[in-house]
Amino acid sequence: MPGLDESRSFVPLKIAVLTVSDTRELADDKSGNTLVERIRAAGHTLAERAIVKDDVKAIRQRVKAWIADKFIDVVISTGGTGFTGRDVTPEAVEPLFEKRMDAFAMMFLLVSERKIGTSAVQTRAIGGTANATFIFCLPGSPGACKDAWDEILVHQLDVRYRPCNFVEILPRLDEHLRRAKAKGATA
């Protein structure tokens, strides 16, 4: 049965949040704010936050910098996952993946379908890993960010969650690099 193992100690992760938008600024970034609030409420650390335009080069440059930072464990982006001409987040980020996380996209689709019905087919949310960093690209609505965090990420980014979670495998993502990540997590 899934749930928290209270006998384990929580391991705070360092999470970077990227908002992809041609129109948003920090003052009106509801989706970014939704993620930041939830990250902090869960006990994690906001490592960095940025807003970039819907531009492949700008998105890729920011995500590359964060996955190169040995102190950032997770990157979560919001925005740019739809079908319009300016929606290019998956195209910018997927080439950076060492491993795709197809099940994240499927799980997000299941969660979304329960909330918004067949409109869920309009998402191109993706997940993957690169340089021992988890990367999740979410739609640009506060509701989608809330659903992804509350239904999936809050659990998978908590080492206490059973039967398994992302945190306990984080130290092994970079076996080929031999670099410490998520101090305190055990395999």
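The values are calculated or read from the model by the stated rules, or taken from the named source; none is laboratory data. Worth saying up front: this structure is predicted, and the values here are computed from it rather than measured. Every residue, glycine as well, gets a Cβ built from its backbone with ideal geometry; the counts of neighbours run over all protein chains shown.
Applying the set (1) at pLDDT below 95; (2) within 26 Å of residue 174 (Cα to Cα); (3) loosely packed, with under 14 Cβ neighbours inside 10 Å; (4) not acidic (Asp, Glu) to residue 40 leaves exactly one unmet item: (1). Out of 130, 185, which single residue is buried (at least 18 other Cβ atoms within 10 Å of the Cβ), at pLDDT 95 or above and touching a Leu at 6+ places or on another chain (Cβ under 8 Å)? Within the list 130, 185, the selection yields 130. Being under 21 Å from residue 175 (Cα atoms), within 15 Å of the chain's Cα centre (by Cα) and aromatic (Phe, Trp, Tyr) holds for only one residue in 71, 97, and it is 97.
For residue 167, are the conditions met, namely being over 19 Å from residue 6 (Cα atoms), part of a helix (DSSP H, G or I), among the aliphatic types (A, V, I, L, M) and modelled with pLDDT of 95 or more? It is false that residue 167 is over 19 Å from residue 6 (Cα atoms), part of a helix (DSSP H, G or I), among the aliphatic types (A, V, I, L, M) and modelled with pLDDT of 95 or more. Under 7 Å by Cβ, and 6 or more places apart or on different chains, what pairs join a residue from the stretch 159-179 that is under 14 Å from residue 13 (Cβ atoms) and charged (D, E, K, R) with one that is surrounded by 11 or more Cβ atoms within 10 Å (Cβ to Cβ) and modelled with pLDDT of 90 or more? Pairs that qualify, where the first residue is under 14 Å from residue 13 (Cβ atoms) and charged (D, E, K, R) and the partner is surrounded by 11 or more Cβ atoms within 10 Å (Cβ to Cβ) and modelled with pLDDT of 90 or more, are 160/4; 160/5; 160/8; 160/10; 168/159.
When you look at residue 73, is it under 18 Å from residue 19 (Cα atoms), touching a His at 6+ places or on another chain (Cβ under 9 Å) and modelled with pLDDT of 95 or more, yes or no? It is true that residue 73 is under 18 Å from residue 19 (Cα atoms), touching a His at 6+ places or on another chain (Cβ under 9 Å) and modelled with pLDDT of 95 or more.
Residues in the stretch 54-64 that are aliphatic (A, V, I, L, M) and either more than 17 Å from the chain's Cα centre (by Cα) or surrounded by fewer than 14 Cβ atoms within 10 Å (Cβ to Cβ) (or both): 56, 58.
Restricting attention to the stretch 10-32 and to residues that are part of a loop (DSSP other than H, G, I, E, B) and β-branched (Val, Ile, Thr), the residue that is surrounded by the fewest Cβ atoms within 10 Å (Cβ to Cβ) turns out to be 23.
Can you tell me which residues in the stretch 111-122 are out of contact with any Phe, Trp or Tyr (no Cβ under 7 Å at 6 or more places or on another chain) and either buried (at least 16 other Cβ atoms within 10 Å of the Cβ) or in contact (Cβ under 8 Å) with a residue 40 or more places away in the chain (or both)? Full working, then the answer.
Step one: list which residues in the stretch 111-122 are out of contact with any Phe, Trp or Tyr (no Cβ under 7 Å at 6 or more places or on another chain), which gives 111-121.
Correct list: 111, 112, 116, 120.
For the stretch 86-114, the set of residues classified as touching an Asp or Glu at 6+ places or on another chain (Cβ under 9 Å) and farther than 21 Å from residue 156 by Cα consists of 86, 87, 88, 89, 92, listed by residue number.
If you filter the stretch 12-31 down to residues that are within 18 Å of residue 93 (Cα to Cα) and of a type in the set (Gly, Ala, Ser), you find that the one that is modelled with the lowest pLDDT is 21. Of the candidates 84, 118, 78, 123, the single residue that is of a type in the set (Val, Ile, Thr) and under 26 Å from residue 173 (Cα atoms) is 78.
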